[in-house]
1. Which residue, of THR176, THR244, THR227, is part of a loop (DSSP other than H, G, I, E, B), buried (at least 19 other Cβ atoms within 10 Å of the Cβ) and of a type outside the set (Phe, Trp, Tyr)?
2. Within the stretch 146-159, is there a residue that is closer than 30 Å to MET299 by Cβ, among the hydrophobic types (A, V, I, L, M, F, W, C), surrounded by fewer than 18 Cβ atoms within 10 Å (Cβ to Cβ) and in contact with a Gly (Cβ under 9 Å, 6 or more places away or on another chain)?
3. Among the residues of the stretch 70-100, which ones are surrounded by fewer than 18 Cβ atoms within 10 Å (Cβ to Cβ) and either at pLDDT 90 or above or under 22 Å from ALA134 (Cβ atoms) (or both)?
4. Does the stretch 28-72 hold any residues that are under 20 Å from TRP325 (Cβ atoms) and polar (S, T, N, Q), and which are they?
5. Having 2 or more residues that are within 15 Å of MET255 (Cβ to Cβ) and in contact (Cβ under 8 Å) with a residue 60 or more places away in the chain is the bar; report the helices (runs of 4 or more DSSP H) wholly within the stretch 285-337 that clear it.
6. Would you mind finding the one in ARG317, ARG324, ARG328, ARG287 that is in contact with a strand residue (DSSP E or B) (Cβ under 7 Å, 6 or more places away or on another chain) and of a type outside the set (Phe, Trp, Tyr)?
7. In the stretch 247-285, which residue that is closer than 16 Å to LEU172 by Cα and of a type in the set (S, T, N, Q) is surrounded by the fewest Cβ atoms within 10 Å (Cβ to Cβ)?
8. Output the residue which, of all residues in the stretch 182-209 that are closer than 21 Å to LEU306 by Cβ and touching a Ser or Thr at 6+ places or on another chain (Cβ under 8 Å), is surrounded by the fewest Cβ atoms within 10 Å (Cβ to Cβ).
Amino acid sequence: MPESTPREDTPTSTVGLLADPGVPRQIAESIGSRLSIDLQDEVGGRWSVEVSEETLPIAPDGAIPLAERTPELLSRHRWNRVVYLTDLTQYRDDTPIRYLLAEDESSVVVFVPAIGLTRPSASVRRLVRDILVAYHRDSQLPDHRMPGPLGRIRMLAGMVRSNRPAAMGRALRGCTAVGMASGAFGIFFGSVWPIADSMSYLRLAAVSVSVVSALSAWLIVRNGLWTRRRNLAPQSGTLDNASTVVTVWTAVALMHVVLFIGLAALAGVVVEPSYLAGQLGHATSVRDYLVLGWFSASMGTMAGALGSNFDDETVVREATYSRRWHQRRLMFDDYGS
């Protein structure tokens, strides 16, 4: 068992934790101090982990040439090992992989999306620890592959997390503004109220799913987010388009929720309960205002397609993907036209 407290004269081994901006940088900052303790407990000696945000260039084949840059990085930063966290992905024989270790084992690239959605920081820390421990003990490395449907599902979830659907939602300002204005017609015009009142929760949910799906499809087509199979960048895999669909659908669904909250609140302020009861022919409750806001939000979401014409295509593309995925798609002309 390694000593928990190293001697004062024990040399320090330094691991450089490079990270892409966004989710990888957040993970790196959250695991740095704990990772050094893990290595000290498992391997022994003194360990230091230095976090640095640095974006390495993408090679012509779509991969990250970390091994080629490792000598320069180790010399410049005076590190002993370098670990690079990226939100790009890579495959071997059409199977997603979690990491790629250099032949001399002095550097390793960890593909954060392959870690999945659940507790990514803890999972990345455990993976990096196991790789470094295996190297120092000359033992079995953790499996780098993610085979089967479950591996692809985890990869898809990680890719969507890196894409940050909420950021895309914030980029759809024109879409949201037109949606709110259009949905307000459902609040101010009483002819809409009986229609909303007559709808069951199941029908309202079906309408919501339909309009969110329709607007999502329109945004993907209008902004050239769909990638044709022949244009896919090397090693990007077929999950590229799947992550685009899930990211855009989630962003539009969040916009739909924002419209629902805003329009339901507007209905509560504008429409008197007694007047609403007279129009509907029965006593009213909070439920009626929520249903009215829900149906009006669906109307507004559908009208958001018009508002999308006011949103800049470049801004939407940059917001849909992480910075590194956007760079790779530009590099391989993966934005359809």
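The values are calculated or read from the model by the stated rules, or taken from the named source; none is laboratory data. As the structure is a computational prediction, the values presented were derived from the model and not from experiment. With ideal geometry, Cβ positions are generated from the backbone for all residues, glycine too; neighbour counts draw on all protein chains shown.
1. Answer to the check: THR227.
2. No: zero hits.
3. If the condition is that a residue be surrounded by fewer than 18 Cβ atoms within 10 Å (Cβ to Cβ) and either at pLDDT 90 or above or under 22 Å from ALA134 (Cβ atoms) (or both), then PRO71, GLU72, LEU74, SER75, ARG76, HIS77, ARG78, ASN80, ARG92, THR95 are the ones that fit.
4. Correct list: THR55 only.
5. So the answer is 286-307, 313-320.
6. Exactly one of ARG317, ARG324, ARG328, ARG287 is in contact with a strand residue (DSSP E or B) (Cβ under 7 Å, 6 or more places away or on another chain) and of a type outside the set (Phe, Trp, Tyr), namely ARG324.
7. Restricting to residues being closer than 16 Å to LEU172 by Cα and of a type in the set (S, T, N, Q), the top hit is THR250.
8. PHE185
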